[in-house]
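**Student:** One structure follows; several queries about it will come next.
The values are calculated or read from the model by the stated rules, or taken from the named source; none is laboratory data. Given the structure is predicted, the values throughout are model-derived calculations rather than measurements. Every residue, glycine as well, gets a Cβ built from its backbone with ideal geometry; the counts of neighbours run over all protein chains shown.
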Amino acid sequence: MFHKLFIGVAATATMLSGVALAQSSTVNGAAGGAVTGAIVGGPVGAAVGGVAGAIVGTAIDPPPAKVVTYVREQPATQSVVIKEKIAVGQALPSTVVVTPIPDDPKYAYAIVNDERVIVEPSSRKVIQVIN
């Protein structure tokens, strides 16, 4: 019984640490997840962490510096207000208009709740929040 509880706690902690890493944009994919999982839950945690890290790591890559600079330098437009909290990995609602970045069509941006966000245009997932 204790063994199953320990595995459940380790898996949960690993998943939560993968989410925290994704929000800070320092995800290293499967390797990062496996290391985190091994620290939290030993060999079983490493396996679970590797899977979780691979999923999170492939979904979120920080944009290049030139994209961040471009978004920072754009004139402020009217901010769209939404009820949902803006979080890395979460998709913006379809009511938010995203503007493509001319030199790098893999990215777009919007100003939401007075924050500039960089998104992946096809999924509308937030990649980075610029303060």
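**Student:** Could we say that residue 67 is modelled with pLDDT of 85 or more, buried (at least 16 other Cβ atoms within 10 Å of the Cβ) and part of a helix (DSSP H, G or I) here?
**Tutor:** So residue 67 passes the test.
**Student:** For the structure I just gave you, tell me whether residue 95 is surrounded by fewer than 17 Cβ atoms within 10 Å (Cβ to Cβ) and within 13 Å of residue 71 (Cα to Cα).
**Tutor:** Taking the combined requirement at face value, the residue does not satisfy it.
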